[in-house]
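The values are calculated or read from the model by the stated rules, or taken from the named source; none is laboratory data. If you're wondering where the values come from, they're calculated on a predicted model, not measured in any experiment. Cβ placement follows ideal geometry from the backbone for every residue including glycine, while neighbour counts extend to all protein chains displayed. Ligands, DNA and RNA are stripped out before the accessible areas are found, and what is left, the full protein with its side chains, is counted by its heavy atoms. Shrake-Rupley method; radii C 1.70, N 1.55, O 1.52, S 1.80 Å.
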Amino acid sequence: MKVIATPAHAAHAPSGELEGGRFVPAYEVPARVDLILGALEAHSFAAPEAPSAFGEAPLLKVHGAAYLRFLEDAFPAWRAKFGDDHPSAFPSTLLGRHLRAMKPRDIDALLGYYTFDIATPLHAGTYGAARAAADSALTAARHLHEGAPAAFALCRPPGHHAAQDLYGGYCYLNNTAIAAQWLTDQGRRVAILDIDGHHGNGTQTIFYERADVLTVSLHGDPRDTYPFFLGYADETGAGAGEGFNLNPPLATGSRLDAYREALNAAIARIEAFGPDTLVVALGVDTFAEDPISPLALIEADYPRLGAEISRLKRPTLFVMEGGYALHAVGNLTANVLLGFSQASS
Ligand code: SP5
Ligand code: ZN
């Protein structure tokens, strides 16, 4: 399987995030990529290939131009306002209910205009790393389009919580959606299966009113789990997209038996959609020992996830999303890919 990765992710190195009203060590850290690369090497995957630069055009098919400019300029503006001893940009005000979506000039407020949480840090290197991650997803997508049966984009920062003009959940550019859109633009029929433990709210929102891309997300019950405000079973799409979004319900704490029921429903819906290409938003924060996981899968379950996905028998692009149990993230990720490859051959 082709693996696309780049050291450029390391420029995004959050020192911490806000949790429970306190500044705690960040969960989404550069070591995640190194650990996954180490596991891939140990399992004899081919050496990773660096991404090519695709420029802004494929990003603009998914994200707004003003949003991209904001991401690029936010940290310099933050630094200009607060100085060097404020290394993490976080908003102090969010655009909540009963307020007007007026775009503020103040950088502190502008962060709150473009995000939906206060736990996603923006740093000096964030935009460059996010661009490199999107390029990784696009490069892997191009391999698929050129005939590779499977490819893995080791993206960091992740992307599935980011919508057209919204960041959050450690995500800035939606790598999965950008790759899916690019493949669609090449004339392919794409289904997205999101197996990160959190709802892929950004991906859902981006394609919500479209029938040409199917979005399916398996995740912990949003009543208990981030992102809380989207990801319910009655979100089935809107307008032309009605019927083209699926969130099979999964109880908090689910193990493999319950998980596979939801996965089977997802696979049946994807089969009925009849895609020629599958994009998997691959998060491994479904792991019982993950520090922010709502689900309870164990290590032995991960090859089975890959094997189940291979039943669809489609060219498959895996795009890395979450997974924060540092002692296991490498093996869990490699095991999904191995399970897929072994069942495919
Ligand atoms: C890509 C991805 O997996 N993003 C996840 C973002 C979750 N952000 C909120 C984290 C809050 C963690 N609080 C849970 C505490 C349980 N000990
Ligand atoms: Zn997640």
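Tabulated values for the structure
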read-out: Residue check for Phe116: of a type in the set (Phe, Trp, Tyr), within 16 Å of ligand 1 (Cβ to nearest atom) and either in contact with a strand residue (DSSP E or B) (Cβ under 6 Å, 6 or more places away or on another chain) or open to solvent by 20 Å² or more (accessible area, probe 1.4 Å) (or both); value: yes
read-out: Flag if Ala233 is modelled with pLDDT of 95 or more and either surrounded by fewer than 18 Cβ atoms within 10 Å (Cβ to Cβ) or within 16 Å of ligand 1 (Cβ to nearest atom) (or both); value: yes
read-out: Selection within the stretch 296-322 - under 25 Å from Ser136 (Cα atoms) and part of a loop (DSSP other than H, G, I, E, B); value: Leu312, Lys313, Arg314, Pro315, Glu321, Gly322
read-out: Checking Asn175 against (1) within 11 Å of ligand 1 (Cβ to nearest atom); (2) surrounded by fewer than 24 Cβ atoms within 10 Å (Cβ to Cβ); (3) of a type outside the set (D, E, K, R), the condition it does not meet; value: (2)
read-out: Boolean, Thr215 is within 11 Å of the chain's Cα centre (by Cα), crowded, with 22+ Cβ neighbours inside 10 Å and of a type in the set (Ser, Thr, Tyr); value: no
read-out: Qualifying residue in the stretch 89-104 (condition: of a type in the set (A, V, I, L, M), surrounded by 15 or more Cβ atoms within 10 Å (Cβ to Cβ) and in a helix (DSSP H, G or I)); value: no
read-out: Residue ID - most open to solvent (accessible area, probe 1.4 Å), chosen from residues in the stretch 147-171 that are away from ligand 2 (no atom under 13 Å from the Cβ) and under 26 Å from Ala101 (Cα atoms); value: Asp165
read-out: Pro58 vs. criteria within 16 Å of ligand 1 (Cβ to nearest atom) and open to solvent by less than 40 Å² (accessible area, probe 1.4 Å); value: no
read-out: Lone unmet requirement of (1) within 18 Å of Leu173 (Cα to Cα); (2) open to solvent by less than 40 Å² (accessible area, probe 1.4 Å); (3) not in a loop (DSSP other than H, G, I, E, B) for Asp73; value: (2)
read-out: Every pair of residues 6+ apart whose Cβ atoms lie under 7 Å, when the first sits in the stretch 114-141 and is under 20 Å from Tyr27 (Cα atoms) while the second is open to solvent by less than 10 Å² (accessible area, probe 1.4 Å) and hydroxyl-bearing (Ser, Thr, Tyr); value: Thr115/Tyr167; Thr120/Tyr167; Thr126/Tyr172; Ala130/Tyr172
read-out: Residues being more than 19 Å from Ala328 (Cα to Cα), under 18 Å from the mean Cα position of the chain (by Cα) and within 16 Å of ligand 2 (Cβ to nearest atom) - total across the stretch 1-39; value: 1
read-out: Tally of residues being among the β-branched types (Val, Ile, Thr) and not in a helix (DSSP H, G or I) across the stretch 324-343; value: 0
read-out: Index of the failed condition, Gly197 passing every other in (1) open to solvent by 10 Å² or more (accessible area, probe 1.4 Å); (2) within 30 Å of Leu256 (Cβ to Cβ); (3) within 16 Å of ligand 1 (Cβ to nearest atom); value: (1)
read-out: The stretch 297-326, residues that are open to solvent by 10 Å² or more (accessible area, probe 1.4 Å) and within 16 Å of ligand 1 (Cβ to nearest atom); value: Tyr324, Leu326
read-out: Residue within the stretch 40-49 that is under 18 Å from the mean Cα position of the chain (by Cα) and either open to solvent by 70 Å² or more (accessible area, probe 1.4 Å) or within 16 Å of ligand 1 (Cβ to nearest atom) (or both) present; value: no
read-out: Meets criteria (of a type in the set (A, V, I, L, M), surrounded by fewer than 24 Cβ atoms within 10 Å (Cβ to Cβ) and not in a loop (DSSP other than H, G, I, E, B)) for Ala258; value: yes
read-out: Test result for His98, more than 16 Å from ligand 2 (Cβ to nearest atom) and closer than 18 Å to Gly16 by Cα; value: no
read-out: Tally of residues being surrounded by 17 or more Cβ atoms within 10 Å (Cβ to Cβ), more than 16 Å from ligand 2 (Cβ to nearest atom) and among the polar types (S, T, N, Q) across the stretch 264-296; value: 1
